[in-house]
Amino acid sequence: MSDIHISVQEKEFDQNAVYQWLSAQYSVGAVAIFVGKVRDLNLGDDISSLYLEHYPAMTEKALQEIVSEAKQRWDIQRVAVIHRVGLLHTGDEIVLVGVASAHRGDAYQSNEFIMDYLKSKAPFWKKEQTNRGERWIEARDSDQIALEKW
């Protein structure tokens, strides 16, 4: 069984099932899971929905490269990255990044690294439905700045 699970999907994900898979090995001493959700407010506007598009071959390759880099930098045993696409509404879960390792430092740091790189390097395009109409989301300076610490 592979120690990496990457999925880009429309359907909801089961956080508990991901946790069970991540922590199934006895050598796992720490599991860090991050879940991102659709906010109801962005850039001062009310948000009712978010539409995510991607190019499958590019997206999955980028996610695999990000996870491979994390596995080279930290002693991690299993990694799960699940990113939803399609139409999502306020409160829906968008992304899950989970990392299992023997120690919490590796789990925390690699999880944050994967999420920072995913936000900046994975080819997803997001369009928000706001109280002012539709708009495509531009890359944020804060996401680029987050990469600088790595």
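The values are calculated or read from the model by the stated rules, or taken from the named source; none is laboratory data. Since the structure is predicted, the reported quantities are computational estimates derived from the model, not experimental observations. Glycine also receives a Cβ, built like all others from the backbone with ideal geometry; neighbour counts cover every protein chain displayed. In case anyone asks, the SASA skips ligands and DNA or RNA and just uses the protein heavy atoms, side chains included. Shrake-Rupley method; radii C 1.70, N 1.55, O 1.52, S 1.80 Å.
Some observations on this one:
- Sub-6 Å Cβ pairs linking a first residue in region 51-76 that is under 29 Å from Glu128 (Cβ atoms) to a second residue that is basic (Lys, Arg), at least 6 apart or interchain, are Tyr51/Lys127; Leu52/Lys126; Ala62/Lys121, ordered by first then second residue.
- When Trp150, Trp74, Trp136 are screened for being within 23 Å of Val8 (Cα to Cα) and aromatic (Phe, Trp, Tyr), only Trp136 passes.
- Residue list for region 1-18, restricted to those being farther than 20 Å from Ile66 by Cα, open to solvent by less than 100 Å² (accessible area, probe 1.4 Å) and either out of contact with any Ser or Thr (no Cβ under 9 Å at 6 or more places or on another chain) or without any contact (Cβ under 8 Å) to a residue 60 or more places away in the chain (or both): Asp14, Gln15, Asn16, Ala17
- Residue match in region 139-146 (condition: more than 17 Å from the chain's Cα centre (by Cα) and surrounded by fewer than 20 Cβ atoms within 10 Å (Cβ to Cβ)): yes
- For region 128-138, taking the residues that are open to solvent by 30 Å² or more (accessible area, probe 1.4 Å) and of a type in the set (D, E, K, R), the one that is farthest from the chain's Cα centre (by Cα) is identified as Arg132.
- One residue stands out among those in region 19-29 that are among the hydrophobic types (A, V, I, L, M, F, W, C) and more than 19 Å from Arg84 (Cβ to Cβ): the one that is surrounded by the most Cβ atoms within 10 Å (Cβ to Cβ), which is Val28.
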